[in-house]
Amino acid sequence: MAAYNELSKEELLELKNDLETQFKEVKAQNLKLDMSRGKPSTEQLNLSMGMMDVLKSDSDLVCEEGVDCRNYGVLDGIKEAKQLLADMMEVPKDNIVIFGNSSLNIMYDTIARSMTHGVMGSTPWCKLDKVKFLCPVPGYDRHFAITEYFGIEMINVPMTPTGPDMDIVEKLVSSDPAIKGIWCVPKYSNPQGITYSDETVHRFAKLNPAAEDFRIFWDNAYGIHHLYEDKQDYLLEILMECKKEGHPDMVYKFASTSKISFPGSGIGAIAASDANLADIRKQMKIQTIGHDKLNQLRHARYFKDIHGMVQHMKKHADIMRPKFDIVLETLEKELGGLEIGSWMAPRGGYFISFDAMEGCAKAIVAKAKEAGLIMTNAGATFPYGKDPKDSNIRIAPSYPTVEELKVAAKIFVLSVKLVSIDKILEQK
């Protein structure tokens with residue numbers, strides 16, 4: 001079919017009529033479909049059920065250090081869990097601290113600590129007139145929610161196919177001491193699925209910030225979350241690159257097993273330089289006597305090592321891949337060549353990013369909701385929920401079943417077509 005903007009008004013109205021009939025049929029089914037968040041499906045959660053059998057009432061619950069995991073102690077994580085997560089995060093195990101069940105929690109803590117006590121002896125952010133953060137967009141809504149909660153001013157930085165626009169990042173970071181950090185999802189980014197190129201990582205490591213307490217918040221949430229055996233993105237390890245460039249303290253790296261084992265009860269960790277970790281442990285000592293060591297032991301004994309984890313992730317990929325394929329094939333078949341939207345086919349992660357015609361995203365999400373499909377709010381992938389072009393929509397294929405997803409994808413493309421036709425008619 002020809003691109004929609006090449007059709008005459010009459011042709012568009014006729015098409016709209018036909019599409020509205022299809023839409024009414026779907027709507028009449030009273031569906032309840034949820035594609036709003038990147039939650040693992042029940043089938044994925046079932047993959048880790050064996051972890052529930054690893055520790056029993058007669059199990060030896062003493063970890064490698066000789067500490068009884070039922071008791072107090074071991075502030076920053078038991079040795080075997082540290083080794084497992086260090087290998088997953090591609091860092092030495094001495095550069096890692098294990099927290100509780102969520103990396104989001106660690107990021108929140110890190111911002112909170114910077115606000116109240118400063119970073120490694122610098123002025124606490126709450127005592128400064130202005131604190132700013134760079135936000136690559138589209139990006140992860142929960143990152144932006146943290147900085148917004150603390151009243152930190154967020155500055156949009158456009159994403160490119162190789163990562164954030166580094167010309168802008170370099171210019172802003174080197175010239176404005178109020179800029180204290182940047183949010184990054186460097187591999188299979190949320191929502192676009194972009195992996196930062198080697199050059200982008202090198203440029204990050206070479207940054208010369210005006211603020212001595214500037215930190216890169218490197219959330220490697222999808223480090224081992226590949227969709228394909230034969231097409232996998234590779235990401236340079238940032239901690240080592242920063243060290244090479246003489247900026248060992250410039251980065252905090254976060255990760256967790258949330259989408260590997262159980263999202264509600266995985267293990268979260270931070271990797272950073274010795275000096276950063278000393279600073280973090282100061283707060284931890286006051287905050288806790290140690291996180292859940294039984295959970296750490298359970299993870300370490302279940303996966304055994306990074307190879308066990310990688311094999312486990314292949315099972316996740318087998319469940320996820322068909323779902324991504326359904327959405328991508330539907331987009332291509334139904335919207336290819338119509339020039340009313342664009343999207344990327346990621347090689348991993350949890351999302352597909354869709355860019356509608358300018359001014360259409362909110363209307364598309366509302367239209368889909370009419371037919372019983374809940375999507376992520378339009379604008380969620382931008383700070384303050386404001387997408388200046390009102391065009392980006394995040395598609396999360398993981399939670400629905402394959403059958404539900406076929407219907408959801410159909411509702412989505414119908415919504416895109418109907419809203420786009422209205423937009424084009426408005427302009428004609």
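Annotations
- Residues of the range 366-399 with amide N under 17 Å of the 7 Å Cα→Cβ point at Ile319: 396-399
- Residues Asp230 and Ala345, FRET efficiency given R0 of 22 Å [Cβ-Cβ distance, rounded to 0.05]: 0.95
- Potential lengthening of the chain between Ser36 and Ala3 amounts to 9.0 nm, from the contour at 0.36 nm per residue minus the alpha-carbon distance.
- Membrane-span-like helices in the chain, defined purely by DSSP H runs whose alpha carbon atoms cover 18 Å or more axially and whose average Kyte-Doolittle hydropathy reaches -0.5, are 103-117, 306-335, 402-427.
- Three semi-axes of the equivalent ellipsoid, the range 352-428, Cα gyration tensor, whole Å, largest first: 21, 16, 9
- With the convex hull of its Cα atoms as the shape, the range 285-394 has an orientation-averaged projected area of 11.2 nm².
- Computed about its Cα centre, the charge dipole of the chain is approximately 880 debye, with only Lys, Arg, Asp and Glu carrying charge at their Cβ.
- About the Cα centre, charge dipole magnitude for the range 183-299 (Lys/Arg +1, Asp/Glu -1 at Cβ), debye: 420 debye
- The residue among Leu55, Leu128, Val74 whose Cα reaches farthest toward the positive pole of the charge dipole of the range 23-160, with charges on the beta-carbon of Lys, Arg, Asp and Glu, is Leu128.
- Loop-located trypsin sites (Lys or Arg not before Pro) in the range 242-336 (DSSP state other than H, G, I, E, B) with a sparse environment of at most 16 neighbouring Cβ atoms within 10 Å: Lys304.
- Placing +1 on the Cβ of every Lys and Arg and -1 on the Cβ of every Asp and Glu, with no other charges, gives the range 162-241 a dipole of roughly 160 debye about its Cα centre.
- Label-point separation, Glu153 to Ser174 (7 Å along Cα→Cβ), nm: 2.2 nm
- Rounded to 5, the percent of DSSP beta bridges in the chain classed as antiparallel: 45 percent
- Enclosed volume per residue, in Å³, of the convex hull spanned by Cα atoms of the range 114-218: 88 Å³
- Loop-located trypsin sites (Lys or Arg not before Pro) in the range 46-110 (DSSP state not H, G, I, E or B) with no more than 11 neighbouring Cβ atoms inside 10 Å: Lys56, Arg70.
- In terms of overall dimensions, the chain has a Cα radius of gyration and Dmax of 23.1, 78 angstrom.
- Whether the range 230-284 is rounded, prolate or oblate, judged on the alpha carbon gyration tensor where a/c under 1.5 counts as rounded: oblate
Read-outs: derived from the displayed coordinates by stated rules, not from any lab. No experiment lies behind these values; they were computed from the predicted model shown. No Cβ is skipped: glycine too gets one built from the backbone with ideal geometry, and neighbour counts run over all protein chains shown.
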